[in-house]
1. Of all residues in the range 88-125 being touching a residue at least 60 places away in the same chain (Cβ under 8 Å) and in a helix (DSSP H, G or I), which is surrounded by the fewest Cβ atoms within 10 Å (Cβ to Cβ)?
2. Could you list all residues from the range 40-49 that are farther than 15 Å from Leu89 by Cβ and surrounded by 19 or more Cβ atoms within 10 Å (Cβ to Cβ)?
3. Cβ-Cβ below 6 Å, separation at least six or inter-chain, first residue in the range 57-69 and closer than 19 Å to Ala80 by Cβ and at pLDDT 90 or above, second among the polar types (S, T, N, Q) and surrounded by 13 or more Cβ atoms within 10 Å (Cβ to Cβ): which pairs?
4. Name every residue in the range 45-67 that is in a helix (DSSP H, G or I) and over 17 Å from His78 (Cα atoms), in order of residue number.
5. Taking the range 105-125, which residues are among the small types (Gly, Ala, Ser) and more than 16 Å from the chain's Cα centre (by Cα)?
Amino acid sequence: MRVRAGVLVAACLSVAACGKGDAPKSTPHADGMAMDAAPGDSAATRGYRESMAGMMKASPAYSGDADVDFNRQMLVHHQAAVAMAEVELAHGRDPESLALARAVIKAQRAEIEAITAWLAKHPVR
């Protein structure tokens, strides 16, 4: 499984933020759930939490241009979707879920390429 740099950085920052015996620092998700690893999390749960935390940390500032902002935010969203699908491939067992993860990776990577190309042609105005 390939590990995305942003996910790895988010995981390292999360671990570094906690000293021995400290309660883990937690980044709240919109629904109130913590995104950072917690004691007892499975490897899959850690991977999913790290992908979400990485997306939130990688989200760029808004420019005020609706088109640019949409594409910038969708880029990190799609990168997180690929990271989550890679966690499923590494830890999942259900054939339907594994097939969906492969389909997500294929579709999201194609959209990431399209978004990246669009952003290269449309700098912030």
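1. In this case the residue turns out to be Ala90.
2. Residue satisfying the conditions is Arg49 alone.
3. Filtered contacts from the range 57-69: Asp69/Ser63.
4. Result: Thr45, Arg46, Ala66.
5. Selection gives Ala110, Ala114, Ala117, Ala120.
The values are calculated or read from the model by the stated rules, or taken from the named source; none is laboratory data. All values derive from a computational prediction rather than experimental measurement. Reconstructed Cβ throughout: ideal geometry from the backbone, glycine too, with neighbour counts over all protein chains shown.
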